[in-house]
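Enquirer: Quick one: structure below, then a few questions.
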Amino acid sequence: MSRFDRKPTNAAEKPPTDAPAPAQLDPDHIDASNEGFKMLKSMGWTEGEGLGKQSKGDALPLSERIREEARREGLGRSKQEAEMLSKATTRKRDESDDEAARKKRKEVGEEQKRRDEVLAEQHRNFYCACCDKQYTTVSEFSAHLSSYDHHHRKRFAEMREAEKARNADATAEKRSREEARRERELQKQIRAA
């Protein structure tokens, strides 16, 4: 006899509860032929009760919770909710604040903006133009400068510049040869006339 086949001793002692019918809990009700249902039954669980020793755990199947979360969240939903919350609190704050509170909030906002600008100015020293990456500390920046990624991008940029220079030289040389050829043809025509 395995531990799943025996019933707990306190299973018979539990009084029946006025729990809603399983079909009311979940329209996709799991019937008695399901393996999980059989396992729970063999361990002393009764239909409609919550899980756990005191039957205080989840009564709804996991699929119901997943469907509920799927209805709430979606692509961009969290950003949309944050914007709506921000607008609602701003509107409520604007309605309830007096002039002194508005002025104080404006001053705090300006101070924060000034601090952000100073910080951005300080961080400009840790910007790698080659890789188009911004770092906030000296150690991050120096680690980046000695990284494979940085050297690879740097070599690639140098290679592109060299290729452009070669192409420009080849184009200029081709143009000068073409001009020399035209000049010779023009000289022939002058001599022939």
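Enquirer: Of all residues being under 30 Å from Gly48 (Cβ atoms) and outside any helix (DSSP H, G or I) in the range 59-90, which is modelled with the lowest pLDDT? Just the residue, please.
Expert: In this case the residue turns out to be Glu73.
For every residue, the table says whether it meets (1) open to solvent by less than 90 Å² (accessible area, probe 1.4 Å); (2) in contact with a Cys (Cβ under 9 Å, 6 or more places away or on another chain); (3) of a type in the set (Lys, Arg).
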{"position": "Arg115", "(1), (2), (3)": "no, no, yes"}
{"position": "Val118", "(1), (2), (3)": "yes, no, no"}
{"position": "Asn167", "(1), (2), (3)": "yes, no, no"}
{"position": "Glu173", "(1), (2), (3)": "no, no, no"}
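Enquirer: To continue, here is another question. Condition (residue is aromatic (Phe, Trp, Tyr), under 39 Å from the mean Cα position of the chain (by Cα) and open to solvent by 90 Å² or more (accessible area, probe 1.4 Å)) applied to the range 126-142: is it met by at least one residue?
Expert: yes
The values are calculated or read from the model by the stated rules, or taken from the named source; none is laboratory data. Computed from a prediction, not measured in an experiment: that's the story for all the values here. Please note: Cβ atoms are built from the backbone with ideal geometry, for glycine as well, and neighbour counts cover all protein chains shown. The accessibility values were calculated without ligands, DNA or RNA, using every heavy atom of the protein model including side chains. Shrake-Rupley method; radii C 1.70, N 1.55, O 1.52, S 1.80 Å.
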